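The values are calculated or read from the model by the stated rules, or taken from the named source; none is laboratory data. All figures in this text were calculated on a predicted structure; none of them were measured in a lab. Note: ideal-geometry Cβ built from the backbone for every residue, glycine included; neighbour counts use all protein chains shown.
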Amino acid sequence: MLLLFSGCDRGDREVVVSGQRDLVLWDRAYPGNIKDRAPEEWRRVPWTQMRYYNYRFGAKEDGEVWLSVIPSQGDDAVLQNVNRWYNQFRMPEITELDELKQEPMLDVTGYVVEAEGVYHAGMGAEPREDSKMLAVAIPYSTIIVTVKMVGSPAEVEAQRDNFLGYCQSLVFFNDAPAKEGDRYPKPEKE
């Protein structure tokens, strides 16, 4: 009789990463012709059907940042999306986008949305107590680009400048390898 025992426990190890690295194919894949530039402390995680870019942040990496692109269906599509976000925190809806802070993004006006409290993400997810959201909705031609950050209030607040810088760094370009239908026409100037 032959018995083999294998042990894989190498004990506790800590890895510290600093500095820069060479870009890899993952870094050069720009879905929908949107190129982003994320802060180093955000960890990129796999995209999903609705999330073109998907990141984790924070001490426990339970904070999330994601970018989505949705079709703009009507003149009030941005307002409807903003109110959906407010409803996720059980906050009252707004009636005018002018009530929101506005920032230039993607050569148009982006609307900055903030909420704090219990986050009800929906789709079967458990509500998250003591959460904060910082988000932007950017109407661009026939689409709305949304970027949403959700996490603990302290960690979201600590990432505020990174988040706004990230949103302002977004660019569209037309020479990326993508299907023709993925390219969005430049919007009329406001």
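Restricting attention to the range 140-177, which residues are touching a strand residue (DSSP E or B) at 6+ places or on another chain (Cβ under 7 Å), more than 15 Å from D36 (Cα to Cα) and at pLDDT below 95?
Y140, T142, I143, I144
Give G32, G74 a once-over and let me know the one that is farther than 26 Å from E157 by Cβ, at pLDDT below 90, not hydrophobic (A, V, I, L, M, F, W, C) and not in a helix (DSSP H, G or I).
On the way: G32 fails: not in a helix (DSSP H, G or I).
G74 is the lone residue from the list that is farther than 26 Å from E157 by Cβ, at pLDDT below 90, not hydrophobic (A, V, I, L, M, F, W, C) and not in a helix (DSSP H, G or I).
Being under 15 Å from M133 (Cα atoms) and either touching a residue at least 40 places away in the same chain (Cβ under 8 Å) or over 18 Å from the mean Cα position of the chain (by Cα) (or both) is the filter here; which residues of the range 56-67 pass it? Spell out the reasoning first.
The initial filter retains those residues of the range 56-67 that are under 15 Å from M133 (Cα atoms), namely 56-58, 62-67.
Within the range 56-67, F57, G58, D62, G63, E64, V65, W66, L67 qualify.
Taking the range 120-134 on its own, how many of its residues are touching a helix residue (DSSP H, G or I) at 6+ places or on another chain (Cβ under 6 Å) and closer than 27 Å to G165 by Cβ?
Number of matching residues: 2.
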